[in-house]
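Participant: Structure below; questions to follow.
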Amino acid sequence: VWSGNPVYTRIPEMHFMTEARYRGAKLVVIAPDYNATAVHADLWVNPQVERDSALALAIAQVLIEEKLINVDYVREQSDLPFLVRRDTGRFLRESDIKKGGRDNAFYLWDEAGNKMVLAPGSKGMKKPSLALGRLEPALTGKYEAKLHDGTIVSVEPVFEALRRDLDANYRPDQAAAITDVGAGIIRRIARDMAAAGTAMIFASWGTCKHYHSDLMHRSMALLMVLTGNQGRSGGGLRIAAWWSVTGF
């Protein structure tokens, strides 16, 4: 439960959490105050107010560094393998490679074929499927792409840029100084989240009332993607159960 107090605000749903604990689930409440929901938690984590994004990114850093991520899920279900131009920071698009190419068709580096290929599931692709088939998208490394004007640019997967940023700025000891949550607790949360058969972050609308609230929700979504929980029954980021509604 992160940025929520369902004992007070989601009373009809709270009993599911207590019943899940009877069946072995762990309930972690992340809140700056020891609220009515925290009373029922197996672990209460109290970061400084509005430092939640740093906490989430530190958890992500541990997941990646300790190789606790669901690699197959990340390759197929996220944009983390998409190639990004290092000169502009933008996704590499077919319009960059081919004159008159699509602006909403993106690329990844296929390790199986050792070449750059269009990413399945891009909005501009005719076939609306994320299925990779025999493709093995690279998550790390640096590559070169030849633009339609003959320019050679350096590109890398989003995952590579993410990992570099997390290692530089959001290691647990760095996040501890920002959030006042101990580095050991950050590592514990990451390991427990990765080890869980299914993990869910139950959040609330309250976060949306704060400046840069989208970064907090994006950081939560990142954790669910890295661990392969988004889209699984009983898992993923749930913001009052609305986030997972098809087409929303």
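Participant: State the answer as a single residue: which of ALA56, GLN77, ILE11 lies farthest towards the positive end of the charge dipole of the stretch 1-80, with beta carbon charges of +1 for Lys and Arg and -1 for Asp and Glu, about the Cα centre.
Facilitator: ILE11
Participant: With an 8 Å cut-off on Cα pairs and a minimum separation of 6 or more residues, tell me the relative contact order of the stretch 147-248 in percent.
Facilitator: Numbers: 70 pairs, mean separation 22.1, N = 102.
The value is 22 percent.
Participant: Separate question: Helix-derived [θ] at 222 nm for the chain: sum -39500 (n - 2.57) over DSSP H runs of at least 4, divide by residue count, nearest 500?
Facilitator: That calculation yields -10500 deg cm²/dmol at 222 nm.
Participant: Here is a follow-up. Could you put LEU215, LEU68 in order of accessible surface area, largest first, with the 1.4 Å probe and the full protein assembly present?
Facilitator: Numbers: LEU215 90, LEU68 55 Å².
So, going from the largest accessible area down, we get LEU215, LEU68.
Participant: What lysines could a cross-link reach from LYS146, if we take a straight Cα to Cα line under 18 Å and drop same-chain neighbours fewer than 8 places away?
Facilitator: Once the sequence-local lysines are set aside, what remains near LYS146 is LYS98, LYS99, LYS115.
Participant: Next question, about the same structure. Suppose each label sits 7 Å from its Cα in the direction of the beta carbon; what would the ASP103-GLU13 distance come out to in nanometres?
Facilitator: If labels sit at ASP103 and GLU13, their model points lie 3.7 nm apart.
Participant: Efficiency by 1/(1 + (r/R0)^6): what FRET value for ASP173 and GLN77, r their Cβ-Cβ distance, R0 = 30 Å, to the nearest 0.05?
Facilitator: For R0 = 30 Å, the calculated efficiency reads 0.45.
Participant: Moving on to the next point. Quick check on the stretch 94-248: take the gyration tensor over C-alpha atoms, sort the square-rooted eigenvalues as a ≥ b ≥ c, and tell me if it's rounded (a/c under 1.5), prolate or oblate.
Facilitator: prolate
Participant: Sticking with this structure for a sec: Run the numbers on the chain and let me know its relative contact order in percent, using alpha-carbon pairs under 8 Å that are six or more apart.
Facilitator: Values: 410 pairs, mean separation 53.5, N = 248.
Answer for the chain is 22 percent.
Participant: What nm value, rounded to one decimal, do you get for the distance between ASP149 and TRP205 when each label is placed 7 Å out toward the C-beta?
Facilitator: Distance between the two pseudo-spin positions: 4.8 nm.
Participant: Taking the stretch 182-241, which chymotrypsin sites (Phe, Trp or Tyr not before Pro) meet the DSSP loop condition and have no more than 15 other C-beta atoms within 10 Å?
Facilitator: Those satisfying the criteria are TYR211.
Participant: Right, next: Round to the nearest 0.05 the FRET efficiency obtained for LEU130 and ASP165 when R0 = 22 Å and r is the Cβ-Cβ distance.
Facilitator: 0.30
Participant: Would you tally the net charge around LEU27, using a Cβ to Cβ cut-off of less than 15 Å, leaving LEU27 out, and scoring K and R as +1, D and E as -1?
Facilitator: Net charge around LEU27: +2.
Participant: Got a sec? Charge dipole of the chain, +1 on Cβ for Lys and Arg, -1 for Asp and Glu; which of ALA199, PRO172, SER129 is way out at the positive end?
Facilitator: My answer, from the dipole projection, is SER129.
Participant: Once label points are set 7 Å from the Cα along Cα→Cβ at both ALA112 and THR88, what is their separation, rounded to one decimal in nm?
Facilitator: Here the modelled spin labels are 3.0 nm apart.
The values are calculated or read from the model by the stated rules, or taken from the named source; none is laboratory data. Since we're looking at a predicted model, the values are computed, not measured. Heads up, the Cβs are rebuilt from the backbone with ideal geometry, glycines too, and the neighbour counts pull from every protein chain shown. Ligands, DNA and RNA are excluded from the accessible area calculation, which covers all protein heavy atoms including side chains. Shrake-Rupley method; radii C 1.70, N 1.55, O 1.52, S 1.80 Å.
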